[in-house]
Amino acid sequence: MKKKQIAITLGVMCFILTMSIAIQIRTVTSSNSTASQSLINNGLRDEVLRWKERYDNAYQELLESEKQLTQIREKATQNNTTANAKQEQIKENNMLLGTVEVKGGGLEIMLADNNAAATNLIDPSMVLVHYDDLLQVVNALNNAGAEAISINGQRVITTTAITCEGNVIKVNGEKISSPFTIKAIGSQGLLLGAMTMAGGYLDNLESWGVIVNVKTVDDITIEKYNGIISYKYVKNK
């Protein structure tokens, strides 16, 4: 009887010991996996930060070079009527291309997702701002004579693409999110009339539940386009 009790006790102890070892091995394996993933994430984050620093430095050098080039042009065209005219033409062309920062009076439009209303709807997407909403607003502003437009700091030029990739909206390849601030420089009367007219696109957006705010601003600053403008098919005659 005693031998049987001893055997049972030893069996229970061996089982407990085996389970403890298994749990310990699993814990160590999980810890190693977590540590490895943490090291990978830290490495990726450090690499991103290094590339961002390089980009910031390169962009700052570009700004300095552009500033020096402008100064050289202005100095070279002093007291030269023909050169001055060409310099003014270059400035005007750059404004049309969107490669320089511009200022002026115009309109500021804010569009935002209505998350509060979305919770009570069968289709919450009805009160969210979509990429095609931004396209419609930009087209309406252009038709009203806007001379410069930006969305969340991204300058809208002739080659600008406003796209949707899953739930992400991109302008000029850069991710943007709600709220969307659309700035436009032009005739305040024409722009305001076009954007606030009854039955217009903004009126419809607001009736669907999207948050809309429109105001005139006398001194708007619209950022320059920071990308590269290239043409594959257009050639000089």
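Return yes or no: is residue 183 charged (D, E, K, R), surrounded by fewer than 19 Cβ atoms within 10 Å (Cβ to Cβ), at pLDDT 90 or above and within 20 Å of the chain's Cα centre (by Cα)?
Values: charged (D, E, K, R): yes; surrounded by fewer than 19 Cβ atoms within 10 Å (Cβ to Cβ): no; at pLDDT 90 or above: yes; within 20 Å of the chain's Cα centre (by Cα): yes.
For residue 183, the condition - charged (D, E, K, R), surrounded by fewer than 19 Cβ atoms within 10 Å (Cβ to Cβ), at pLDDT 90 or above and within 20 Å of the chain's Cα centre (by Cα) - is not met.
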Considering only region 106-128, state which residues are among the aliphatic types (A, V, I, L, M), crowded, with 19+ Cβ neighbours inside 10 Å and either at pLDDT 95 or above or at positive phi (or both). 107, 109, 111
Which of (1) at pLDDT 75 or above; (2) part of a helix (DSSP H, G or I); (3) under 23 Å from the mean Cα position of the chain (by Cα) does residue 95 not meet, given it meets every other one? (1)
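When only residues in region 201-233 that are of a type in the set (Gly, Ala, Ser) and more than 23 Å from the chain's Cα centre (by Cα) count, which is least open to solvent (accessible area, probe 1.4 Å)?
209
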Result of the Cβ filter at 9 Å on region 130-142, keeping first residues that are under 19 Å from residue 166 (Cα atoms) and in contact (Cβ under 8 Å) with a residue 60 or more places away in the chain and partners that are among the aliphatic types (A, V, I, L, M) and assigned to a helix (DSSP H, G or I), at least 6 apart or interchain, is 133/205
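The values are calculated or read from the model by the stated rules, or taken from the named source; none is laboratory data. Bear in mind that the values here come from a model prediction, so they are computed numbers and not experimental data. Glycine gets a Cβ as well: all are built from the backbone with ideal geometry, and neighbour counts include every protein chain shown. Only protein heavy atoms, including side chains, enter the accessible area calculation; ligands, DNA and RNA are left aside. Shrake-Rupley method; radii C 1.70, N 1.55, O 1.52, S 1.80 Å.
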